Amino acid sequence: MSTLIGPAGPQVRSGRRERRAERKRLRRHGELAARLAELHAISALLDASAEVVRAGWVQGAWFTVSTPGGTRDVTAYDLKSAVDRPVSGACLVGAVVQAAGGPASVRSQLVQRTLDLVWHVLREDPDRPVRWCPGPRARLMAVLELTRWNDAAERTQDEVADLLVVARQAAGRQRELCHADRAELDGAYAS
């Protein structure tokens with residue numbers, strides 16, 4: 001007497017199209033998880049940047065540093081001057097750089113994306129998705145525009161700190177958009 005032992009019920013084998021769709025869905029989940037983590041870091045950086053501005057705000061330079069001869073302005077062209085000296089003030093862009101760790105972090109993705117968000121809040125609808133990876137020229141123009149906005153004669157320290165607070169709130173809205181995308185992705189999968 002022989003007995004065949006095998007799987008209970010018919011085996012369902014997914015096709016290539018279904019496997020590809022699942023890989024795509026999982027990849028998108030990973031992208032959204034990474035974006036959520038980055039938005040958390042951006043929010044923390046914006047909080048710290050607002051504190052830097054409140055502690056000392058500058059126009060016409062990125063930083064002011066204390067030197068043995070007194071206070072010195074530091075622009076984007078001589079950032080190395082701010083590396084080993086205590087920063088006593090910062091402009092909008094300088095505050096983001098300083099809060100991220102100082103001039104060594106100026107080209108970091110966290111600083112760049114945080115500045116993308118601040119520019120987005122200043123010039124675009126904060127409820128719309130942010131363009132996170134503009135080209136180098138577009139990014140440079142955005143930093144120049146943020147610098148000009150900071151340096152406007154009528155600008156106040158409170159306005160600069162408030163922009164950073166509003167950008168922090170916009171980061172929260174961007175997180176909500178990511179959560180909505182994840183829910184949609186999971187809803188489509190459940191169907």
Original post:
Do we find that ARG123 is within 17 Å of VAL165 (Cα to Cα), more than 13 Å from the chain's Cα centre (by Cα) and loosely packed, with under 14 Cβ neighbours inside 10 Å in this structure?
Top reply: yes
**OP:** Kindly indicate which of ALA104, ALA153, ALA180, ALA138 is among the small types (Gly, Ala, Ser), out of contact with any helix residue (DSSP H, G or I) (no Cβ under 6 Å at 6 or more places or on another chain) and part of a loop (DSSP other than H, G, I, E, B).
**Re:** ALA153
**OP:** Check LEU146, LEU163, LEU140 and return the single one that is over 24 Å from ALA34 (Cα atoms) and in contact with a Phe, Trp or Tyr (Cβ under 7 Å, 6 or more places away or on another chain).
**Re:** LEU146
Subject >> Residue check, LEU39 surrounded by 15 or more Cβ atoms within 10 Å (Cβ to Cβ), among the aliphatic types (A, V, I, L, M), within 14 Å of the chain's Cα centre (by Cα) and within 25 Å of GLY89 (Cα to Cα) >> reply: no
Original post:
Within the bounds of the range 73-88, is there any residue that is more than 28 Å from GLU145 (Cβ to Cβ) and assigned to a loop (DSSP other than H, G, I, E, B)?
Top reply: yes
Subject >> Residue selected from the range 73-85 under the condition in contact with a helix residue (DSSP H, G or I) (Cβ under 7 Å, 6 or more places away or on another chain), surrounded by 15 or more Cβ atoms within 10 Å (Cβ to Cβ) and of a type outside the set (Gly, Ala, Ser), by the criterion nearest to LEU140 (Cα to Cα) >> reply: LEU79
**OP:** Mind listing just one residue for me: the one in the range 48-72 that is closer than 20 Å to ARG155 by Cα and under 19 Å from the mean Cα position of the chain (by Cα) and, of those, surrounded by the most Cβ atoms within 10 Å (Cβ to Cβ)?
**Re:** SER49
**OP:** Would you mind stating whether VAL97 is in contact with a strand residue (DSSP E or B) (Cβ under 9 Å, 6 or more places away or on another chain), under 26 Å from GLU31 (Cα atoms) and in a helix (DSSP H, G or I)?
**Re:** yes
**OP:** Identify the residue in the range 138-191 that is among the small types (Gly, Ala, Ser) and under 18 Å from the mean Cα position of the chain (by Cα) and, among all such residues, is surrounded by the most Cβ atoms within 10 Å (Cβ to Cβ).
**Re:** ALA171
**OP:** Look at the range 157-177 and say how many of its residues are in contact with an Asp or Glu (Cβ under 8 Å, 6 or more places away or on another chain) and either outside any helix (DSSP H, G or I) or of a type in the set (Asp, Glu) (or both).
**Re:** 0
**OP:** Examine the range 28-38 for a residue that is at pLDDT 90 or above, assigned to a strand (DSSP E or B) and under 23 Å from GLN112 (Cβ atoms), and state whether such a residue exists.
**Re:** no
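The values are calculated or read from the model by the stated rules, or taken from the named source; none is laboratory data. What you see is a predicted model, and the numbers here were worked out from it, not measured in a lab. No Cβ is skipped: glycine too gets one built from the backbone with ideal geometry, and neighbour counts run over all protein chains shown.
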